[in-house]
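Trainee: The structure is given below, and queries will be raised subsequently.
None of the figures in this text is laboratory data; all of them are computed from the coordinates on show. Just so it is clear, the structure is predicted and the values come from calculations on it, not from any experiment.
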């Protein structure tokens, strides 16, 4: 068996494990919501925070992978390994975490605040900006996978700071509610 077939098989197994883990997580969350409906808001808040942490972990790590990938020779074993890591991180962790963050975040904004409050509007705007960065990272994953990255490592070092700044802004808006 050649290395590409082994990588594809390994990727398929990882995707199955990730899908199983996500299905178990969704089933557990649904069970909790069903068993404890009076605390639905609190459970939604807890799962939202977990999803945000997962999303941010991926958003902070993916550009680091891009930096290292930029420095790897195209077509090398190292470059191919980065492609697998980037694709899995984006599809298996970052995308699902962003979706759960958005769904539960909108529920919390509606149920807890009726979408009222200047701080909430600013927070949602910052999350929209973070989602735009997420989309940019997705296009970068595709470009790297096709060996079409034209950005230097310095670009990725600078872009790596954007999710951090947005995260700080979002946390301050949620905790301090300055307006």
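Trainee: For the chain, find the longest principal axis of its Cα atoms and tell me its angle to the long axis of helix 118-145, 0 to 90°, nearest 10.
Mentor: Approximately 20 degrees, to the nearest 10.
Trainee: What residue among 63, 37, 163 shows peak mean-square fluctuation when the chain is described by a Gaussian network model with Cα springs under 10 Å?
Mentor: Among 63, 37, 163, the largest mean-square fluctuation in the Gaussian network model of the chain belongs to 37.
Trainee: So, one more: Using Cα pairs under 8 angstrom and six or more residues apart, how large is the relative contact order of the chain, in percent?
Mentor: The normalised contact order for the chain reaches 30 percent.
Trainee: Relative to the longest principal Cα axis of the chain, at what angle does helix 161-176 sit, 0 to 90 degrees, rounded to 10?
Mentor: Rounded to the nearest ten degrees, it is 10.
Trainee: Okay, moving on. Give the shape of segment 37-176 as rounded, prolate or oblate, defined through the alpha-carbon gyration tensor: a ≥ b ≥ c are the square roots of its eigenvalues, a/c under 1.5 means rounded, and otherwise the shape is prolate if a/b is larger than b/c and oblate if not.
Mentor: Because a/c hits 1.5 or more and a/b exceeds b/c, segment 37-176 counts as prolate.
Trainee: Say we join alpha carbon atoms closer than 10 Å with springs in a Gaussian network model of the chain; which of 110, 156, 102 then has the biggest fluctuation?
Mentor: The residue with the greatest mean-square fluctuation here is 110.
Trainee: Sticking with this one: What's the angle, to the nearest 10 degrees (0 to 90), between helix 40-71's Cα axis and the longest principal axis of the chain?
Mentor: Taking Cα atoms only, the helix is inclined about 20 degrees.
Trainee: Just how far, in whole angstrom, is segment 92-115 from segment 151-179 if you go by their alpha carbon centroids?
Mentor: Their Cα centres are 18 Å away from one another.
Trainee: Pick from 66, 25, 82: which residue has the top mean-square fluctuation in a GNM of the chain where Cα pairs under 10 Å get a spring?
Mentor: Between 66, 25, 82, it is 25 that shows the largest mean-square fluctuation.
Trainee: Using Cα pairs under 8 angstrom and six or more residues apart, how large is the relative contact order of segment 88-179, in percent?
Mentor: Relative contact order of segment 88-179: 45 percent.
Trainee: Follow-up. Rounded to the nearest 500, what is the chain's calculated 222 nm mean residue ellipticity when only DSSP H runs of at least 4 contribute -39500 (n - 2.57) each, over all residues?
Mentor: Helix-only estimate at 222 nm: -28500 deg cm²/dmol.
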